[in-house]
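Remarks on the structure that follows.
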Amino acid sequence: MATYTYPTFPYRAPNDLMQGAPQRKPLVIIGAGPVGLAAAIDARLQGLEVLLFDEEDSVSFGSRAVCYAKRALEILDRLGVGDVVVNQGVSWNVGRTFLREEEVYRFNLVPDAGHKRPGMINLQQYHLEEALVNRATELGADLRWNYKVVGVMPLADGARVSVETPDGAFEIEADWLIVADGARSNVRRQLGLDIEGHVFKDRFLIADVVMKADYPAERWFWFDPPFHPNQSVLLHKQSDNVWRIDFQLGWDADPEEEKKPENILPRVKAMLGDDREFTLEWASIYTFQCRRMKNFRHGHLLFAGDAAHQVSPFGARGANSGFQDTDDLLWKLALVIKGLAPEALLDTYDTDRVYAADENIRNSTRSTDFITPKSAVSKLFRNAALELARSQPFARKLVNSGRLSVPAFLVHSALNTSDTEPFEGDMVPGAPLDDAPVRVAGADGWLLDQLGNRFVLLAFADSVEAVDTALPGLRAQAAALAGAALPVQTLLVTAHAGNEPAGLATLHDRDGLLAQRLDARPGTCYLVRPDQHVAARWRSFDVSAVRAALARATAQIGSETVAA
């Protein structure tokens, strides 16, 4: 059976950074986990110079985060690693929950057709990190391995970072510092910054086993199974014939004893049967934590991922929300660094991602309370819901083995322009845009692959010939929008295929799903942010309304930056 060979990344002596120290860099990132690497990739896509420090010289040990949701995969597509990750991972949409050995609940994460990506893939974190390292290196990010950050001093206009390496210590200054050094963030602790919430009194064992099994690629969760009575168990398939098993242990379990192979193997054998051959690849003990910092922005220090917020793993909201952090942050930071938006735009990173973190914590806490009830009343409710779910459909919706990660709808964001006309559906200002199949230059494609890293105006018409009727003034204004200091690309979306008109890039809504999901008709326009979230929508094209919405979406209402 295959085992993973951990790569070693080359160490570079810091001679170039020591000359004239402390040097000043526009952007420094601390931490080469999935979030820090995603931030580095995004920075390069935005045209920013980026320097990243990590105290190790390889990827994370053990599978760690393994579940990546549809929205995270769409972000990874934008970063240029989606295909690598999806092709290597195990795709799945169906989850099943059992009471003892009887199925009581089943869900499908993507029940309707017309989406490029599945609801989830399972892939060991080390594979994901290796793909991200390769992409960051390809884009020219300056990744420094075996560089340990031992101190950070906030400055009025940046931060001073103290670094230790095998060849000596040095200091460097950053205009902006992204802190992505994980749940035990040394930077957060050194600065005495708060992180508040709950640590739940229960322990869980992760056991990654390598075995060949014909189980389907689904999420299986048991309450009170006969092989592990009065507790819960989770089973996931990963790549390379690796299977993740989570055993609930209880708060009184001794973590050091439970991690010993001689105690893990009997649990796995009881679950799989004595005839199943397997090898233990990795094991870990964890507790549930639902916590966050009060603020994610502290001057020119920006915290992201587990350094800023932590949730329990049942729901796969940790790494997925971390990717959404960088998705929200980097386009805003790029505009600020380039002088195209005020620093106040970064305040919305704080407010919007705190809002999203609270949503994740709320859902994660509810799942935790159901899986590990801490009172007699909670346990009575949980057990009653499970028993009723065996025969009563209404009770199945109460079964909560982890409400799985969904993207945050930033409906309260200050960057949104409110609707002035009625729309149906979910694509409200602040929503991450739904994907849909399209035709581009005569070839099949996907909507979200045409968006990202820039503002885009989607404008709908029945056909190319009808554009001037459905969208009067669009053809004349598209060039002006594209040529502004803060450009907006116009994409014409047609219900019927045709030739691309001069000066307008065109998408054909191949199956009509795009218009259906956006409740679009001829004349409808959507302004989409660089992170593929809806900024505004209208029933007719008005260039002054587009410019006003762009100004609001970049926190610069009244500025001339977005003028033609």
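The values are calculated or read from the model by the stated rules, or taken from the named source; none is laboratory data. Remember, predicted model here, so these are calculated numbers, not experimental data. As a convention, Cβ positions derive from the backbone with ideal geometry for all residues, glycine included, and neighbour counts pool all protein chains shown.
Of note:
- Matching entry among Asp83, Asp112 (being without any contact (Cβ under 8 Å) to a residue 40 or more places away in the chain, part of a helix (DSSP H, G or I) and farther than 30 Å from Met271 by Cβ): Asp83
- In the condition set (1) over 24 Å from Gly89 (Cβ atoms); (2) among the hydroxyl-bearing types (Ser, Thr, Tyr); (3) in the same structural domain as Ala159 (by TED's automatic domain parsing), Ser312 is compliant with all but (1).
- Look at the stretch 383-399: where a residue is closer than 13 Å to Arg96 by Cα and a partner is surrounded by 12 or more Cβ atoms within 10 Å (Cβ to Cβ) and polar (S, T, N, Q), sitting 6+ places away or on another chain with Cβ atoms under 6 Å, you get Val399/Thr97.
- The stretch 48-97 - residue that is of a type in the set (Phe, Trp, Tyr) and either over 18 Å from Tyr6 (Cβ atoms) or crowded, with 20+ Cβ neighbours inside 10 Å (or both) and, of those, farthest from the chain's Cα centre (by Cα): Phe53
- Some residue of the stretch 12-26 being part of a loop (DSSP other than H, G, I, E, B), at pLDDT 95 or above and within 29 Å of Val242 (Cβ to Cβ): no
- Only one entry in Asn363, Asn383, Asn400 is part of a helix (DSSP H, G or I) and crowded, with 19+ Cβ neighbours inside 10 Å, namely Asn363.
- Helices (runs of 4 or more DSSP H) fully within the stretch 445-564 that include at least 3 residues being touching a residue at least 60 places away in the same chain (Cβ under 8 Å): 474-482, 513-518, 543-553.
- Note on the stretch 307-336: residues that are under 23 Å from Gly119 (Cβ atoms), of a type outside the set (S, T, N, Q) and part of a helix (DSSP H, G or I) total 7.
- The set of residues in the stretch 396-444 that are closer than 16 Å to Gln324 by Cβ and among the aliphatic types (A, V, I, L, M) comprises Leu404, Val406, Ala408, Leu410, Val411, Leu415, Ala431, Leu433.
- Condition met for Ala341 (in a helix (DSSP H, G or I), among the small types (Gly, Ala, Ser) and over 15 Å from the mean Cα position of the chain (by Cα)): no
- For the stretch 138-147, the criterion of a residue being crowded, with 21+ Cβ neighbours inside 10 Å and either among the hydroxyl-bearing types (Ser, Thr, Tyr) or free of Cβ contacts under 8 Å to residues at least 12 places away in the same chain (or both) is satisfied by at least one position.
- The residue of the stretch 161-214 that is farthest from Leu345 (Cα to Cα), among those that are free of Cβ contacts under 8 Å to residues at least 24 places away in the same chain and of a type in the set (Lys, Arg), is Arg184.
- Look at (1) out of contact with any Leu (no Cβ under 7 Å at 6 or more places or on another chain); (2) farther than 21 Å from Ser544 by Cα; (3) touching a residue at least 12 places away in the same chain (Cβ under 8 Å); (4) surrounded by fewer than 20 Cβ atoms within 10 Å (Cβ to Cβ) and you find that Gly442 fails only one, number (3).
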